[in-house]
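Chemist: Supplied in structure tokens, the structure appears directly below.
We did not get these values from a lab; they are worked out from the coordinates using the rules stated. Computed from a predicted model, the values in this text were never measured in an experiment.
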Amino acid sequence: SDYGLTASIWRRDLEAGLIERRELQRHEQELDSIAVARAEKRRLIEECNLHTIVRLPQGVFAPYTDIPANLLFFERSGPTTDIWFYEIPLPEGRKKYSKTAPMQFEEFADCLAWWNNRKESSLAWKVSAADVAARGYNLDVKNPNAKQTLEHVAPEVAVARVWEHEGE
């Protein structure tokens, strides 16, 4: 995969002092895929300030891939303490992006407005670097503020509810 090459290039540039800041786009699957990636994420968090991850809507790189993607923003200013996540939703009424209907710059407006005045919301949340480390450096942190459409219950509870409903 190109992940190792990309990681090697930015690591070399950071260590050589050639760059102070770099933005990378990585597919969500690659964020927690193999041990090498885990080690690179650990180094990113411990040696750089990974301050923001912007989650792009699914299909933003269609037709090449429908895998959700992220923009990672970090600086060579010391270790990470907290990581802000911002989730850009699909516009209302839109099911997905395509080559002929790509994501538009205007769809970043809410994210750009939030950028300099960060507060938790239904689209933004903050996670400590310690929490990410405790999760094995998995950067696929679900939005805790998102509206839940499904309630997850134990199977025995679900069966009891069905029996209860049947008895009515």
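Chemist: Using θ = phi - 60° and the Karplus form 6.51 cos²θ - 1.76 cosθ + 1.60, what ³J(HN,Hα) does each residue of region 81-87 get, whole Hz, x for Gly and Pro?
Modeler: 10, 9, 10, 8, 10, 9, 10
Chemist: In whole Hz, what ³J(HN,Hα) sequence does region 63-70 give by Karplus (6.51, -1.76, 1.60; θ = phi - 60°), x for Gly and Pro?
Modeler: The phi angles translate into x, 6, 7, 9, 5, x, 10, 10 Hz.
Chemist: Sticking with this structure for a sec: Assuming 0.36 nm per residue, please report the length gained on full extension of the stretch residue 162 to residue 116 beyond their Cα-Cα distance.
Modeler: 11.7 nm
Chemist: Shape of region 83-127 from its Cα gyration tensor (a ≥ b ≥ c, root eigenvalues): rounded if a/c is under 1.5, otherwise prolate when a/b > b/c, or oblate?
Modeler: It is prolate, given that a/c is not under 1.5 and a/b is the larger ratio.
Chemist: So, one more: Rounded, prolate or oblate: which fits region 54-168, taking a ≥ b ≥ c as square roots of the Cα gyration tensor eigenvalues, rounded meaning a/c under 1.5, else prolate when a/b beats b/c?
Modeler: In terms of gyration-tensor shape, oblate.
Chemist: Need the full-extension length gain, residue 47 to residue 130, defined as separation in residues times 0.36 nm minus the C-alpha distance. One decimal, nm.
Modeler: The residue 47-residue 130 span can extend by a further 28.5 nm.
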